[in-house]
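Enquirer: Quick one: structure below, then a few questions.
Coordinate-derived values only; no laboratory data. Model, not experiment: these values are computed from the prediction. Please note: Cβ atoms are built from the backbone with ideal geometry, for glycine as well, and neighbour counts cover all protein chains shown.
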Amino acid sequence: MILREVESSARTQLDEIKLNKLKWVVGWVYDRVPFYRQRFDKIGLKPHHIKTLKDIEHVPFTTKSDLRDNYPFGMFAVHMDDVVRIHASSGTTGKPTVVGYTRGDIETWAELMARALTSAGVHKGDILQNAYGYGLFTGGLGIHYGAEKIGAAVIPMSGGNTQKQVMLMQDFGSTVLTCTPSYALNIVEVAREMGVDIESLKLKAGVFGAEPWTENMRTEIEEKLNIDAVDIYGLSEIMGPGVAVECLEAKKGLHLFEDHFLPEVINPDTLQPVPNGEKGELVITTLTKEAIPLVRYRTRDVTTLEAQPCVCGRTTMRMSRITGRTDDMLIIRGVNVFPSQIESIILKAEGIEPYYQLIVGKDGPLDTLEVRVEVSDRIPFDEIKVLETMEKKIEHDIKDYLGVNAKVKLVEPKSIERSAGKAVRVIDQRKK
Ligand code: DLL
């Protein structure tokens, strides 16, 4: 495996690189983005005040609403003449969040995605079927350019058209699949319906991300597809996919590309940094982005940081798999739960399939949580007693591990809607 030198540098060297780039980006946004100049002036912060990495703590945070307030291009630090690509992420309400890339940004992104795919075990000679959506979403094109840079052959399938995905996988001999983890399961299901022998496929690895998934989900996918499944993280505001990725060797935490992104984890209530190993909200400062550099961007994603070097030889900081977003956390009768915590419990149960949905509602003043999970077709759906026993067992486990009263409802195979991109896990009827 080829490691870029910087990925296995001594910490002092990495910190030096980061500090130089941090100084650069703070100056760059101060000089070029009125939003940042006003924010910094308000508290008397000048770029030359940044002398150590810790000085970042004096810099104000940037949030998604700052991007919205400056829609569409107000946060750009370059003239539109220098922008060669625009992406956007669809907000749940209102206008999308818009990001731009200079030619240099596109090159950096391709380089980082090449490093990310290398970390996941992708090589020249691989045939990579890219089933992330192409379009305003960063998944498709982000993976695409990185794979080409490695010299892999890319099949730009985009998401959906699942039977064709399976057909091409067979006929073209795809060795790597890239898509959301939920879509990977959808593809397996359709392949089985088509009578395809999964063992006969040439797939060896999958690079999955864009939505939270658990270790149990990894096991499901690895067993069903007979591959190594590697987690990749990113967000359009920061770049797209390729901000952090697991290594094939350890699959223990996602290596952050620290030479381009400065990570912090903060307590979302006090906004103070938390020590490594403690859970909190990931905050990222871009260190090299030209078109839309972001300083102390609050991602809302919940994780922990780990600075210990990895068995793969990388010394870069690792983040634990994202358990959810602070804005996706459910508060059920005062107990905080993330959908991924429920996922890890239900996927341990016997006789169910990894398709589920959480319905949050109200019974008078009280919150209610219904967990709908599909039963496997090996379980006769008319055997009420069997189903009831299974439901009670999962309810008991949820109460035991998470302290939440949930009503578990086993539903028929294939009754939960499949997605070709990010799965919809939560239906919150309280918001109606
Ligand atoms: O989802 C970029 C991406 C594409 C990442 C392909 C990985 C693969 P957005 O649409 O802007 O960008 O959504 C970003 O998705 O803040 C997280 O909440 C979530 N997310 C992304 N990757 C992971 C992951 C892309 N590996 C938002 N695990 C982020 C958990 C993830 N959540």
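Enquirer: Take ASP363 and ALA307, extend 7 Å from each Cα along the Cα→Cβ direction, and tell me the distance between the two endpoints in nm.
Expert: The two pseudo-label positions are separated by 4.9 nm.
Enquirer: Per 10 Å bin, what is the whole-percent P(r) computed from every C-alpha pair distance within the chain?
Expert: Computed distribution, short to long bins: 4, 21, 30, 26, 15, 4, 1, 0.
Enquirer: Another question, if that's okay. Checking a compactness column here: for the range 116-237, what do you get for Rg(Cα) / (2.2 N^0.38 Å), N being the number of residues? Write down the numbers at each step before the final one.
Expert: Details: Rg = 13.0 Å, N = 122, 2.2 N^0.38 = 13.7 Å.
Cα-based Rg divided by the globular estimate yields 0.95.
Enquirer: The range 331-345 to the range 247-277: how many Å between their Cα centroids?
Expert: 22
Enquirer: Treating cross-link reach as a plain straight distance, find the lysines whose alpha-carbon is under 23 Å from the alpha-carbon of LYS204, omitting any fewer than eight places away in the same chain.
Expert: The qualifying lysines are LYS124, LYS149, LYS164, LYS224, LYS251, LYS252, LYS422.
Enquirer: Once a ≥ b ≥ c are taken as the square roots of the eigenvalues of the Cα gyration tensor of the range 311-391, is the result rounded (a/c under 1.5), prolate (a/b larger than b/c) or oblate (a/b not larger than b/c)?
Expert: oblate
Enquirer: Determine the distance separating the Cα centre of the range 25-88 from the Cα centre of the range 100-120; give it in Å without decimals.
Expert: 22
Enquirer: With a 10 Å radius around each residue's Cβ, average the other Cβ atoms per peptide and rank 126-132, 228-234, 167-173, highest first. Before the final figure, lay out the partial values.
Expert: Values: 126-132: 25.4, 228-234: 23.7, 167-173: 15.3.
Going from most to least packed, we get 126-132, 228-234, 167-173.
Enquirer: Can I ask one more? Going highest first, how would you order 327-333, 350-356 by mean Cβ packing within 10 Å? All intermediate terms of the calculation are to be shown ahead of the outcome.
Expert: Working: 327-333: 14.9, 350-356: 18.1.
Descending packing order for the listed peptides: 350-356, 327-333.
Enquirer: Next question, about the same structure. Cα atoms only, the range 70-147: Rg and Dmax in Å?
Expert: According to the Cα coordinates of the range 70-147, Rg and Dmax are 14.4, 43 Å.
Enquirer: What percent of all Cα-Cα pairs in the range 64-105 falls into each 10 Å bin, going from 0 up to the bin containing the maximum distance?
Expert: Spelled out bin by bin, the range 64-105 gives 30, 51, 18, 1 percent.
Enquirer: Treat the count of other C-beta atoms within 10 Å as a stand-in for reagent exposure and order THR315, THR326 from fewest to most.
Expert: On the way: THR315 21, THR326 17.
The order, fewest Cβ neighbours first, is THR326, THR315.
Enquirer: Applying a 10 Å radius around every beta-carbon, put 143-153, 396-406 in order of their mean neighbour count, most first. Could the numbers behind the result be given before it?
Expert: On the way: 143-153: 21.2, 396-406: 15.8.
Order by mean packing, descending: 143-153, 396-406.
Enquirer: Further question on the same structure: For the chain, what relative contact order do you get, as a whole percent, if you take Cα pairs closer than 8 Å and at least 6 residues apart?
Expert: Value for the chain: 14 percent.
Enquirer: How long is the gain from LYS407 to ASP41 if the chain were fully straight, where each residue apart is worth 0.36 nm and the alpha carbon distance is subtracted? List each step's numbers first, then the result.
Expert: On the way: separation 366, 0.36 × 366 = 131.76 nm, distance 5.27 nm.
Working it through step by step, the gained length comes to 126.5 nm.
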